[in-house]
Structures are given as structure tokens and as C-alpha cells.
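The values are calculated or read from the model by the stated rules, or taken from the named source; none is laboratory data. Every value quoted in this text rests on a predicted model; they were computed, and no experiment measured them. Using ideal geometry, Cβ is built from the backbone for each residue, glycine included, and neighbour counts are taken over all protein chains shown.
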Amino acid sequence: MDDRRILDRITELGFELPPPPRAVASYLPVRVAGSLVFVAGQVAMADGALMHPGRLGDDVSTDDAASSARQCALQALSALREALGSFEPLVGIAQVTVYVASTPDFTDHPAVANGASDLLVDVLGEAGRHARVAVGVQSLPLGTSVEVAVTAQLG
């Protein structure tokens with residue numbers, strides 16, 4: 001994929017690629033395994049602070065959580081670019097897994113996950129279309145409301 005085109009598209013959409021996330025525990029931010037690239041789960045950070053902590057159905061709105069998912073996807077793209085040196089080797093996004101911290105009665109996980117999915121398609125076009133899992137959980141690291149993991153494919 002054309003590195004400059006992707007960076008320009010991110011800017012056109014009104015976003016900027018954040019600095020690549022660093023591991024905060026015993027894991028790799030990105031692991032290349034053959035033609036697949038696994039990006040560790042991202043929690044949405046802005047200006048060094050956690051975005052929208054809490055749980056859906058309690059104290060976080062679906063719109064705020066979708067915004068966090070979008071930020072997670074941007075962070076995943078940044079991690080991919082850092083690990084690969086550019087977006088050039090990238091063929092596309094294979095799968096996105098979105099974890100949503102929620103109360104037992106919250107059921108709109110897909111709307112939250114769309115924040116990440118829509119961003120990836122808006123930036124990468126058809127190459128950003130992917131399989132997806134969106135699941136509710138009791139809690140997530142750091143008290144975040146959303147965590148997003150991405151699997152990409154190399155050419």
C-alpha cells in the first residue's frame with residue numbers, strides 16, 4: 001500500500017497518526033508471523049490520558065466508546081507502520097477484535113466496534129474491510145471502556 005497516500009488520507013479525514021504505542025507489560029506491540037501481523041490490544045489514549053474510562057451501560061456512552069475504538073484503530077495503524085517501516089508491505093486488515101467493558105444488559109457492541117471498523121475502511125478502502133469480533137467483558141486494562149486488537153496481512 002502506498003505509505004504517503006495512507007498518511008494523506010488520515011489527514012484528509014481530520015485525524016493524525018499518533019506516536020506508536022509502547023508495551024506496558026510483558027508482550028510485543030506487534031508480532032509478524034509469516035504473512036500475518038498481530039497488533040496487540042490497544043486502549044485509546046489522547047495526550048497521555050485514557051479516553052472514556054468506565055463501562056457501557058453505566059457511565060460511558062456508545063458514541064464516546066466508538067470514538068475510543070476509532071482512536072484504538074489509529075494507534076494500531078501507527079504500531080503497524082512502526083513495525084513494518086511503512087505501510088508498503090501491507091495488503092490489508094484481516095480481522096479486528098473489539099472488547100467492550102459493559103454492564104450485563106448492554107447489547108450495542110457492534111455500534112462501538114464500528115468506530116474502529118469504519119476508520120480502517122475510510123483510511124484503507126477495500127483493504128480495510130475485515131472480519132470482526134465484538135464482545136462485552138466485565139472489565140478491561142486501566143479501566144478503559146474499549147480495547148481493540150488488529151490482525152493484518154502482508155503481501
Review point. Name the residues in the stretch 26-37 that are hydrophobic (A, V, I, L, M, F, W, C) and crowded, with 17+ Cβ neighbours inside 10 Å, would you?
Key: VAL30, VAL37
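Going by what's in this entry, would ARG31 be described as more than 13 Å from the chain's Cα centre (by Cα) and assigned to a helix (DSSP H, G or I)?
Values: more than 13 Å from the chain's Cα centre (by Cα): yes; assigned to a helix (DSSP H, G or I): no.
No; evaluated as a whole, the condition is false for this residue.
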Practice item. Considering each residue of the stretch 27-84, count those that are closer than 23 Å to ASP108 by Cβ, free of Cβ contacts under 8 Å to residues at least 12 places away in the same chain and among the charged types (D, E, K, R), and give that number. Key: 2
Review point. Among all residue pairs at least 6 apart or on different chains, which show Cβ distances below 7 Å where the first residue, located in the stretch 2-26, is closer than 15 Å to GLU88 by Cα and the second is in a loop (DSSP other than H, G, I, E, B)?
Key: ASP3/SER86; ASP3/PHE87; ASP3/GLU88; ILE6/PHE87; LEU7/LEU17
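Residues checked against (1) crowded, with 21+ Cβ neighbours inside 10 Å; (2) modelled with pLDDT of 95 or more; (3) assigned to a helix (DSSP H, G or I); (4) not hydroxyl-bearing (Ser, Thr, Tyr):
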| position | (1), (2), (3), (4) |
| --- | --- |
| ASP8 | no, yes, yes, yes |
| PRO19 | no, no, no, yes |
| VAL24 | no, no, no, yes |
| ASP63 | no, yes, yes, yes |
| SER78 | no, yes, yes, no |
| ALA94 | no, yes, no, yes |
| VAL98 | yes, yes, no, yes |
| ASN114 | no, yes, yes, yes |
Check your understanding: Out of (1) in contact with a helix residue (DSSP H, G or I) (Cβ under 7 Å, 6 or more places away or on another chain); (2) part of a loop (DSSP other than H, G, I, E, B), what's the single condition that is false for PHE106?
Key -> (1)
Practice item. Go through the stretch 120-155 and count every residue that is within 29 Å of ASP2 (Cβ to Cβ), of a type in the set (Gly, Ala, Ser) and either in contact with a Phe, Trp or Tyr (Cβ under 7 Å, 6 or more places away or on another chain) or assigned to a strand (DSSP E or B) (or both). Key: 3
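Within the group SER35, SER68, which residue is within 18 Å of ASP118 (Cα to Cα) and either modelled with pLDDT under 95 or touching a Gly at 6+ places or on another chain (Cβ under 9 Å) (or both)? Can you show your working first?
Details: SER35 fails: within 18 Å of ASP118 (Cα to Cα).
Result of the check over SER35, SER68: SER68.
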